[in-house]
Amino acid sequence: MQELRYAKVGSVDDAVAALQEGGPTARVLAGGTDIIVQARARARDIDLLVDVKGIDEVMQLSFDADGGLTVGAATPCYQIYGDAAVREHYPALIDCTTLIGGTGIQGRASLGGNLCNSSPSGDSLPVMYVLEATAELAGPGGRRTVPAEDFCTGPGRNVMQPGEFLVSLHFPPPAPNSGAAFLRFIPRNEMDIAVVNAATQLRFDGDAVSWARVSIGATAPTPLLVPEAAAALVGRPLSDESIAAAAAASKAAARPIADMRGSIKQRKHLAAVYTQRTIAIAADRARG
């Protein structure tokens, strides 16, 4: 474990000032389930941890039927999956937050931390993509909003500039006749990194799919939106043929590596399988 300085802040402005003062070796401490491990392993050069959990905005969890869901960047997973409004309106968030680590990890890990860690296999990222989440960042230049699908730029890399940090995530209210789902494949029953994960959101107009988003993870340097998979579904009733076409599009879009958890062939196959399965679950949820 490298020697670290620690600063606890109580406002967004104080956090930005501390990060600026700390320079490139300053990092935000929210749940700490990734950054502390990285510091211990010296995987990142860290001199200062800025603890943001004392900022109310960073710990909020609020839902409004017209405005949608706002989740503070440090709000732990257990609060998210324990919230009645999230369970009713955003079941795909339940799918992913209940799978991030074990119960102890879920007491500290957050959606914001998962996004900022920017792992290609981050379990909440495909869900953020299909739910059209946006990330609110604060920094020396003020605040800005970034669509979740534009946030990650590579393994462990993202669009945050020096002195910036993630304040909150916003999810628009679910549309009528819509449903979303997330699944992952891991080699063990629990607490492992995904070999492949996937999420889908569908909206129906009568029997026809009127809108769709499909995302796959652990299949490229960043999680992917697959517009070709969505296009295979939209404008027609859901059928075995359209689902198979969407699955084939995800398989074609995947450009994974081979490692100890899976081969390229296996990951491309699983991208198709889990696209099919999340489409089916999303459709069931949309239909009530």
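The values are calculated or read from the model by the stated rules, or taken from the named source; none is laboratory data. It should be emphasised that the depicted structure is a prediction, and the values quoted were computed from it without experimental measurement. Cβ sites come from the backbone with ideal geometry, for glycine too, and all protein chains shown count toward neighbours. Each accessible area value is taken on the protein alone, full model and side chains, heavy atoms only, with ligands, DNA and RNA left out. Shrake-Rupley method; radii C 1.70, N 1.55, O 1.52, S 1.80 Å.
Could you please tell me which pairs satisfy a Cβ distance under 7 Å, a separation of 6+ or placement on different chains, a first residue in the range 72-93 that is within 19 Å of D56 (Cβ to Cβ) and assigned to a helix (DSSP H, G or I), and a second residue that is small (G, A, S) and open to solvent by 30 Å² or more (accessible area, probe 1.4 Å)? What qualifies is Y78/G107. You will find that of V9, V37, V28, the residue that is outside the structural domain of A74 (by TED's automatic domain parsing), open to solvent by 70 Å² or more (accessible area, probe 1.4 Å) and either within 22 Å of G107 (Cβ to Cβ) or at pLDDT below 95 (or both) is V37 and no other. Taking every residue in the range 143-158 that is within 23 Å of V12 (Cβ to Cβ) and among the aliphatic types (A, V, I, L, M) and pairing it with any residue that is assigned to a strand (DSSP E or B) and open to solvent by 50 Å² or more (accessible area, probe 1.4 Å), at least 6 positions away or on another chain, the pairs with Cβ-Cβ distances below 9 Å are V146/E136. Quickly run through the range 31-43 and pick out the residues that are within 20 Å of A15 (Cα to Cα) and in a loop (DSSP other than H, G, I, E, B). Of everything in the range 31-43, those that are within 20 Å of A15 (Cα to Cα) and in a loop (DSSP other than H, G, I, E, B) turn out to be G31, G32, T33, D34.
A quick yes/no check of all residues on (1) of a type in the set (S, T, Y); (2) open to solvent by 10 Å² or more (accessible area, probe 1.4 Å); (3) over 18 Å from the mean Cα position of the chain (by Cα):
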position: T70; (1), (2), (3): yes, yes, no
position: L99; (1), (2), (3): no, yes, no
position: L111; (1), (2), (3): no, no, no
position: T145; (1), (2), (3): yes, yes, no
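Screening the range 171-193 for residues that are at pLDDT below 95 and within 22 Å of H269 (Cβ to Cβ) and picking the one that is most open to solvent (accessible area, probe 1.4 Å) gives N189.
Considering (1) part of a loop (DSSP other than H, G, I, E, B); (2) open to solvent by 10 Å² or more (accessible area, probe 1.4 Å); (3) in contact (Cβ under 8 Å) with a residue 40 or more places away in the chain, the lone condition that I46 does not fulfil carries the number (2).
Against the condition part of a helix (DSSP H, G or I), in contact (Cβ under 8 Å) with a residue 12 or more places away in the chain, touching a helix residue (DSSP H, G or I) at 6+ places or on another chain (Cβ under 8 Å) and surrounded by fewer than 15 Cβ atoms within 10 Å (Cβ to Cβ), how does A252 come out, does it pass? Yes, satisfied.
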